[in-house]
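The values are calculated or read from the model by the stated rules, or taken from the named source; none is laboratory data. Computed from a prediction, not measured in an experiment: that's the story for all the values here. Cβ placement follows ideal geometry from the backbone for every residue including glycine, while neighbour counts extend to all protein chains displayed.
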Amino acid sequence: QPLSYLRLKGMGILKGPPRSIMRIPEKDYSLIKEAGGIDERFTVN
């Protein structure tokens, strides 16, 4: 399920409008997977 910009900003993952993703801290990656309902069988850790 998609996560809105405002939700990602509210979670502290984004500080401003996204331009590109170079690196995501492990903590933020875990939050995105959990909040987005992503099936962990299809992710890379």
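Return the pair list, or none, for Cβ contacts closer than 6 Å from residues in segment 31-44 that are surrounded by fewer than 10 Cβ atoms within 10 Å (Cβ to Cβ) to residues that are modelled with pLDDT under 90, at least 6 apart or on different chains.
What qualifies is Gly37/Gln1.
If you scan segment 17-33, which residues turn out to be closer than 15 Å to Leu3 by Cα and over 11 Å from the mean Cα position of the chain (by Cα)?
Pro17, Pro18
Counting just the residues of segment 1-28 that are hydroxyl-bearing (Ser, Thr, Tyr) and at pLDDT 90 or above, which one comes out surrounded by the most Cβ atoms within 10 Å (Cβ to Cβ)?
Among them, the one singled out is Tyr5.
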